[in-house]
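The values are calculated or read from the model by the stated rules, or taken from the named source; none is laboratory data. Since this is a predicted model, take the numbers as computed values, not measurements. Note: ideal-geometry Cβ built from the backbone for every residue, glycine included; neighbour counts use all protein chains shown.
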Amino acid sequence: MNNLWQFEKIWNETILVDREAREYKPRDIIWASEMGTSFLNRYYNMTAEPITNPKDARILRKFEAGNLFQWVVELVMRKAGLLVMSEHIDRQKASTIVRTNDLLPVWARYDFIGGGKPDYKRALEQINDIKFPTKLQNVALKLIEVFSQQYPEGLQEIVCEVKSVNSLVFWAHIESINVGYFHHRLQLLSQLKGFNYEWGKLIYISKDDLTIKEVFIKKDNPQLNEQWLFDVTTMTRFLKEKTIPPKDPEIIFDELEQKHLINWNIRYSLYFNKIMGVDREKWEKEKIKECRKLNKELKKKKSAPN
């Protein structure tokens, strides 16, 4: 009898079970996590249009890796006593509906609330309850040491949203990371509105080197609120009037990074074949070449004498 047991098959196959696999039905509620993204993609999703490009195995694995890194950040904060826990609900599953006049409601859920009045002594006593990598254990210990001195009376409660990013993307798009991606800012603002918190922060973590970047968002930010309202108003109009939104541009110019990029709203769309009607791989190669050409021309213009 072979007693050399393995679990790779169970692991690999179970990870690939699509946690979002479900019967898509028409909905008249906006998910906060989709705000700031393509109106066309959202329209098809909200009207239960059949998906033409489902998530492949690699994407599903990336999502689960993202969940893992979110858990790591949360656990470090939990070990340091920096999580605000409710007595009657699990904060991680907390959700709410944001309603604005006659516009479509927005469903929002946050990862966790940080701050409050930590019991630093208790956190220190329980720091070894869960086995943890030494370096991350040291982070939790250092947080207790520093915060107990700086904030002996407690910390402001802040809504925290964790986003894991491939390290190549993290460092290549650090300008965008430093201010938070637009759709992430709208998502977090929805959470602040729904739970009536003044401040929230996006916590970006680089998957390969564990670097993090915190970006603070304030609920009463006038410009962001205007953008949020425009998003909800526009999506409401498209859905109520049953008007299919226009196709997104295939290449966009990023003002922060000052270069042309392939529009990820199209590149990774679940409806790519329906929208574009061409082979995705061939399209990507063409757009990569086009972006390189545009960026090369832009560089020449910038370096040319006035």
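Of all residues being surrounded by fewer than 16 Cβ atoms within 10 Å (Cβ to Cβ) and part of a helix (DSSP H, G or I) in the stretch 93-138, which is modelled with the lowest pLDDT? Just the residue, please. It comes out as 93. Looking only at the stretch 146-156, how many residues end up being surrounded by 11 or more Cβ atoms within 10 Å (Cβ to Cβ) and within 15 Å of residue 122 (Cβ to Cβ)? Qualifying residue count, the stretch 146-156: 3. As a summary of the residue check, residue 222 satisfies the conditions (1) within 30 Å of residue 103 (Cα to Cα); (2) surrounded by 15 or more Cβ atoms within 10 Å (Cβ to Cβ) except for the one numbered (2).
Among the residues of the stretch 228-260, those identified as under 18 Å from residue 183 (Cβ atoms) and buried (at least 17 other Cβ atoms within 10 Å of the Cβ) are 228, 231, 232, 235, 236, 238, 245, 248. In the set 214, 161, 153, only one residue is modelled with pLDDT under 95 and either more than 20 Å from residue 139 (Cα to Cα) or within 16 Å of the chain's Cα centre (by Cα) (or both); that residue is 153.
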